[in-house]
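Take a look at the structure below.
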Amino acid sequence: MASSNGHDAFVQSLQSFTHQHRSRQWEGTFADYLEQVVQPNSALATRNSHQYTWDMLRWMQAREENSDSKTPKLFSHELYGIDPALRRIVDYFKAAAAGSEVGRRLLLLLGPPSGGKSSLVILMKRGMEEYSHTDEGALYGLKGSPLHENPLTLVPHTLRAEFRETYGVDIQGELSPYCQALLEEKYEGDFMQFPVERIFLSEAKRVGVGTYAPHDPTTADIADLIGSVDLAKVSEFGDEGDPRAWSWSGAVYSASRGLLEMIEILKVKREFLYLLLTLTQEKNVKVSRFPLIHVDETIVAHTNLAEFKKFLQEKENEALLDRMVIVQVPYTMNYRDEAKIYKKLIAQAPTFRDVHLDPHALRLAALFAVLSRLKASEREDLDLSKKVKLYAGEDVEGFSRNEVDKIRAEYPDEGLAGVSPRFVVNALSNAISRSEAKSLTSMEVLVTLKDAIESDARMDAKQKREWVDFLVTARKDFYNHWVKEDVHKALFVSFEEESENLLEKYLDEVEAALDKREVKDPITSETRDPDERFLRAVEEKINVSDAGKQTFRQEVVRKAMVAYKNGEKFTLDSHARLKEAMEKYLFEERRDVLRLVSSISRPDDETQEKIAAVEERLIQDYGYDRHSAREALNYVTTLLSQE
């Protein structure tokens, strides 16, 4: 159930949306249009589809609260972990809007199944629909035109130079045969009286937004794109060559002035491809009985790797590839972003509505997926687990953040294969349907993923073994640490307070040891030597050798000084290795409680009380429910018994 604050905030968002999108209907003659629309802002009146899309992206970005964000707001709450691909797409529209040659090339999104290509294009279409309802995104078209064409195409070529001198912009395009016939027959050539209306992009109403999905290539008809003679209207107009006797229902016409999505474009016949590429390059299409028809629209196509590789094998396709801008949309390589994808997908599924997932369930599944997408580095000191951490922005000893781009460059095609989000979510759905507890733990997630791998008929034995090994790696190198850390913290009434106190003590002792001075007791005021036994007890938890202790201590003090100079507080989060050492040190002081759990089959009341307190803190502070908290405790005690 939504909170009162959440409800009020959402209502406010709805009201704000309504205010921003209160569309102003407009209709008038072409003369009115020149006076009321073109004269005040001629640049907006002459925008082509690429410029309109670029303006839409900038408008969406301007609404982003964090103006420094590099990912357009249009995508920020829906797509995760594919920012490089998104930036290349935005760069394409920026260049195309500026008149670059890339605007004459078809945009092709290439990537693995369930990688976000379709979602990305759908978001663009929805964004354009929304933008067209704003004042900034106002579009106008000739009333009754099946192409919703720009009213300025009415201006004769002999007057376009004068238009440019008057308004400072050029007119592109020609009047369609359909509107030419209307102009001559209904308005007797008086284009100043031709009606103009404001149009609102809508895929549902076939205005400025279209989608084409190929049928069986052997039966696909190009009429689906560009229409055909409407025999029912031939008898009315008496001539198949009359534009009004043509069916203008093709996807190309419905997307005019906006965006056409081509699904699995490489599955279409070659004649379809040539038509689309010519449309992109020349902004026109040729159909029988008519001269070239000017159509201004942006085509965004997408396909998968299998179809693309098949396409590359045919030599005659090389010329077609030169007329495309190909943007790879790989799977995300950041397991944190991958987990966000799962969270979004399961939020839409009724199966998960009443199910509790333990705090690491989705991250663990995401880790497995990312591991399957990685390629082993040639560097001996960089295994897959370290690579996962680096790609997630985490600290890894021996590597700097600056090296990540270099590591990525080792395999530019990394992320184009591996486990898909759909595979993981399907496995989770199966686990939920079999569970009676309405709760799913991380270990249960691993088991259900293992079952999904072993029962998948598409994989050979070698691939199944590899993927099962990734599950083992995810558990040993990540989950074991996460769950132990949760239990460590739950053993304390206030873990954060105790750990910060311990950090202060460590820093005091280290500074005294480095300065070779004594430490003053805050209570007795007596002085003593630095507590070397305490310092080594902490440092040995992360295998800092006696020979390397001085370097480690100097590094800690240096980071603390940098934080101080920047006006920041030095915390455990400021130094990942020291944080790990502190947690392990503190855990040693409380591990007796967990040992009681595993060593006493029937614990007494006092022990039971301690165990229950840990369980409650896992539930209240760390995102567990009763079932997953008990499983976590049992799992950690098992790990302890093996140490």
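Against the list (1) assigned to a helix (DSSP H, G or I); (2) exposed (fewer than 12 other Cβ atoms within 10 Å of the Cβ), the condition F534 fails is (2). Within segment 327-354, being buried (at least 18 other Cβ atoms within 10 Å of the Cβ) and not in a helix (DSSP H, G or I) holds for V327, Q328, V329, P330, Y331, T332, M333, N334. Selection within segment 13-40: residues that are within 26 Å of the chain's Cα centre (by Cα), part of a helix (DSSP H, G or I) and not hydroxyl-bearing (S, T, Y). The member of this set that is modelled with the highest pLDDT is L14.
Looking only at segment 218-232, filter to residues that are open to solvent by less than 60 Å² (accessible area, probe 1.4 Å) and of a type outside the set (V, I, T); which one of those is nearest to the chain's Cα centre (by Cα)?
It comes out as L225.
Checking N566, N543, N501 one by one, the residue that is open to solvent by 20 Å² or more (accessible area, probe 1.4 Å), of a type outside the set (F, W, Y) and within 24 Å of V614 (Cβ to Cβ) is N501 and no other.
Conditions (1) touching a Leu at 6+ places or on another chain (Cβ under 9 Å); (2) under 30 Å from L364 (Cα atoms); (3) among the aliphatic types (A, V, I, L, M); (4) without any contact (Cβ under 8 Å) to a residue 40 or more places away in the chain, marked per residue:
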{"site": "M262", "(1), (2), (3), (4)": "yes, no, yes, no"}
{"site": "I265", "(1), (2), (3), (4)": "yes, no, yes, no"}
{"site": "N334", "(1), (2), (3), (4)": "no, yes, no, no"}
{"site": "K344", "(1), (2), (3), (4)": "no, yes, no, no"}
{"site": "A347", "(1), (2), (3), (4)": "no, yes, yes, yes"}
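Limited to segment 135-145, what total is found for residues that are out of contact with any Lys or Arg (no Cβ under 9 Å at 6 or more places or on another chain) and touching a residue at least 60 places away in the same chain (Cβ under 8 Å)? Looking only at that region, the number is 3.
Out of F308, F352, one residue alone is over 29 Å from N48 (Cα atoms) and touching a strand residue (DSSP E or B) at 6+ places or on another chain (Cβ under 7 Å). It is F308.
To keep it simple, each residue is scored yes or no on (1) surrounded by fewer than 21 Cβ atoms within 10 Å (Cβ to Cβ); (2) more than 25 Å from K117 (Cα to Cα).
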position: K389; (1), (2): yes, yes
position: E403; (1), (2): yes, yes
position: K406; (1), (2): yes, yes
position: A417; (1), (2): yes, no
position: S420; (1), (2): yes, no
position: L428; (1), (2): no, no
position: K438; (1), (2): yes, yes
position: M443; (1), (2): yes, yes
position: L446; (1), (2): yes, yes
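Only a single item in (1) under 23 Å from the mean Cα position of the chain (by Cα); (2) modelled with pLDDT of 90 or more is not met by A349, and it is number (2). Taking segment 620-643 as the range and being under 14 Å from D486 (Cα atoms) and open to solvent by 30 Å² or more (accessible area, probe 1.4 Å) as the test, the residues that pass are Q620, D621, Y622, G623, D625, R630, E631, N634, Y635. N480 - would you say it is open to solvent by less than 30 Å² (accessible area, probe 1.4 Å) and part of a helix (DSSP H, G or I)? Here the answer is yes, as N480 does meet what is asked. Answer yes or no as to whether V472 is among the aliphatic types (A, V, I, L, M), surrounded by fewer than 18 Cβ atoms within 10 Å (Cβ to Cβ) and assigned to a helix (DSSP H, G or I). Against the criterion (among the aliphatic types (A, V, I, L, M), surrounded by fewer than 18 Cβ atoms within 10 Å (Cβ to Cβ) and assigned to a helix (DSSP H, G or I)), V472 qualifies. For R558, the requirement of being of a type in the set (K, R), in the same structural domain as V636 (by the TED database) and either modelled with pLDDT of 90 or more or touching a Pro at 6+ places or on another chain (Cβ under 7 Å) (or both) is met.
The values are calculated or read from the model by the stated rules, or taken from the named source; none is laboratory data. Bear in mind the structure is a predicted one, so any value in this text is a computation, not a measurement. So basically every Cβ, Gly included, is an ideal-geometry build from the backbone, and we count neighbours across all protein chains shown. When the accessible area is computed, the model is the full protein with side chains, heavy atoms only, and any ligands, DNA or RNA have been set aside. Shrake-Rupley method; radii C 1.70, N 1.55, O 1.52, S 1.80 Å.
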